[in-house]
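Take a look at the following structure, please.
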Ligand code: GLP
């Protein structure tokens, strides 16, 4: 596990964008696993800037997102499909039909999850998976639990995640209570993992997840077992590490 310490959020975003840019440059038909949340927004801005400067070409890239809220439509401004379209896809030359996100409107969880696992298989796996870190150590929407879920599954969000994500919604009762998320095995199968972490609020969980025991109670701790993980984090997020 390689840890790169950056000065602040913007610096983290530029360094992490370097990794994604290198991946696309070296393998133009890369399959990118993408993430939502506030952490990757700066990276997406940087990738758009490089695309506009003609330094990056997304025309052969495939993207597979980690997760989606159950019940939200692509038009809903809080859906992850809407997030990805507005923060990245609509500004670059990726083929829209090569951008995958779980179908939040599929009412049958089993079907939604099986369909997504099929997409992952059809794409031949993920070359580079971008991850953020939830305040409780979740990755995607894999919440702290007694065991790891392997494939895509429907998850009941924990109160801590509902509280953390309520900042994006008008009121607490609008925050979805369930989501479809890629499972831990799918994430661990990615050939490379790029984890981005910013801010002092994450310092405690960073220490726990990457220097504590490997346990499904801190889902991100499983990344200690992956052989190609790069963490790009700002100094505040790393402040509790010696
Ligand atoms: C959500 C997403 C995660 C993301 C996490 C952290 O719960 N499902 O993929 O990593 O938020 O978000 P932020 O980057 O805003 O701290």
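Inside segment 5-15, can you point out the residues that are touching a residue at least 40 places away in the same chain (Cβ under 8 Å), surrounded by 15 or more Cβ atoms within 10 Å (Cβ to Cβ) and either over 22 Å from residue 138 (Cβ atoms) or more than 12 Å from the ligand (Cβ to nearest atom) (or both)?
Across segment 5-15, the qualifying residues are 5, 6, 11, 15.
Here is a follow-up. Looking only at segment 166-176, which residues are over 20 Å from residue 39 (Cβ atoms) and not in a loop (DSSP other than H, G, I, E, B)?
172, 173, 174
Condition check ((1) outside any strand (DSSP E or B); (2) within 16 Å of the ligand (Cβ to nearest atom); (3) in contact with a strand residue (DSSP E or B) (Cβ under 6 Å, 6 or more places away or on another chain); (4) within 24 Å of residue 207 (Cβ to Cβ)) across all residues:
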| position | (1), (2), (3), (4) |
| --- | --- |
| 121 | yes, no, no, no |
| 130 | no, yes, yes, yes |
| 154 | no, yes, yes, no |
| 164 | yes, yes, no, yes |
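For segment 38-73, how many residues meet the condition of being within 26 Å of residue 118 (Cα to Cα), part of a loop (DSSP other than H, G, I, E, B) and either more than 14 Å from the ligand (Cβ to nearest atom) or out of contact with any strand residue (DSSP E or B) (no Cβ under 8 Å at 6 or more places or on another chain) (or both)?
7
Now, a different point. If I go through segment 166-181 residue by residue, how many of them are more than 10 Å from the ligand (Cβ to nearest atom) and either in contact (Cβ under 8 Å) with a residue 12 or more places away in the chain or within 25 Å of residue 129 (Cβ to Cβ) (or both)?
7
No lab work stands behind these numbers, since they all come straight from the coordinates. What you see is a predicted model; the values in this text were computed from it and never measured. Ideal geometry is used to build each Cβ from the backbone, glycine not excepted, and the neighbour counts take in all protein chains shown.
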